[in-house]
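Here's the structure, in structure tokens; my notes come after.
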Protein chains: 2
Amino acid sequence: MTDASPDLLFKALADPSRRALFERLCMDGEQTVGALTAGAGISQPAVSKHLGLLKQAGLVLDRHEGRQTHYRAQQRALAPLVDWTGRMNRFWEARFDDLEDLLKRMDQ
Amino acid sequence: MTDASPDLLFKALADPSRRALFERLCMDGEQTVGALTAGAGISQPAVSKHLGLLKQAGLVLDRHEGRQTHYRAQQRALAPLVDWTGRMNRFWEARFDDLEDLLKRMDQ
DNA sequence: GACACTCATAACTGTTTGGTTATGAGAAAC
DNA sequence: GTTTCTCATAACCAAACAGTTATGAGTGTC
């Protein structure tokens, strides 16, 4: 699950609890499920389920150590998102350029 | 509704139909509801509802002309998304730098 | 005025989803 | 071996949601 579609990414990040978990992992680095549960306002199973979805979307990686599971953010996973926004911006700029060209031609 | 939280944006873009509508508006520019409905695989009321949500999220603007409504993408609306991804990347890099520093110090 | 067209809203429906509690599996601690 | 701890899964529930059809409001056409 190295790469994911924008669809999975948007869906995974659409939920506030999930986005908060991902943000914490980005800010503070690797953490156990227990640590993540403390501070999230929801139960441990809820946290586990969210982490499962984030993992499926390629946004986090897990590592088992003894009886705890450590999760960490996978930064690369955001690339498709950045690509998508960039693409939308480029479309927009292209149309803007076309309009500009048109206006210039009309001006002459 | 000039600006919106990342939450509204992520939620609005999480649905494939909605994202497709927004992509079409970015690529092809302003379009009527009728034009957008043709090509979307869903009914006109469904399209209208999605456009309503996109508008609420600040992603599109509408313009009434006679009996039709024209929608267009508002490019600026993606800014909070770009900011957010940038912030996450910066957190990640900061932690990476810390690790690098630590390793350097340990090396001496 | 009568009709046709375009879109939005209302009312409803089936599915998805974010949460819960209960429980089980695996790994330390004793 | 028994107990304790950590996490994941199962079963369930209420709310949110994406879609539908029916209808209404507003605007052009004749």
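What to note about this one:
- Geometric extent, Cα atoms of the range B:6-107 - Rg, Dmax (angstrom): 19.8, 73
- Average beta carbon contacts from partner chains per residue of A:5-16, 10 Å cutoff: 5
- Note that the range B:22-38 has calculated 3J(HN,Hα) couplings of 4, 4, 4, 5, 5, 6, 9, x, 4, 8, 7, 4, x, 4, 5, 5, 5 Hz, one per residue in order, obtained from phi through the Karplus relation 6.51 cos²θ - 1.76 cosθ + 1.60 (θ = phi - 60°); glycine and proline are x.
- Relative contact order, percent, the range B:6-107 [alpha-carbon distance under 8 Å, six or more residues apart]: 27 percent
- Measuring only protein heavy atoms, the 1.4 Å probe finds A:MET27 accessible over about 80 Å².
The values are calculated or read from the model by the stated rules, or taken from the named source; none is laboratory data. Keep in mind it's a predicted model, so treat the numbers as computed, not measured. Glycine also receives a Cβ, built like all others from the backbone with ideal geometry; neighbour counts cover every protein chain displayed. The protein model used for the area step is the full one, side chains on, heavy atoms only, and it has no ligands, DNA or RNA in it. Shrake-Rupley method; radii C 1.70, N 1.55, O 1.52, S 1.80 Å.
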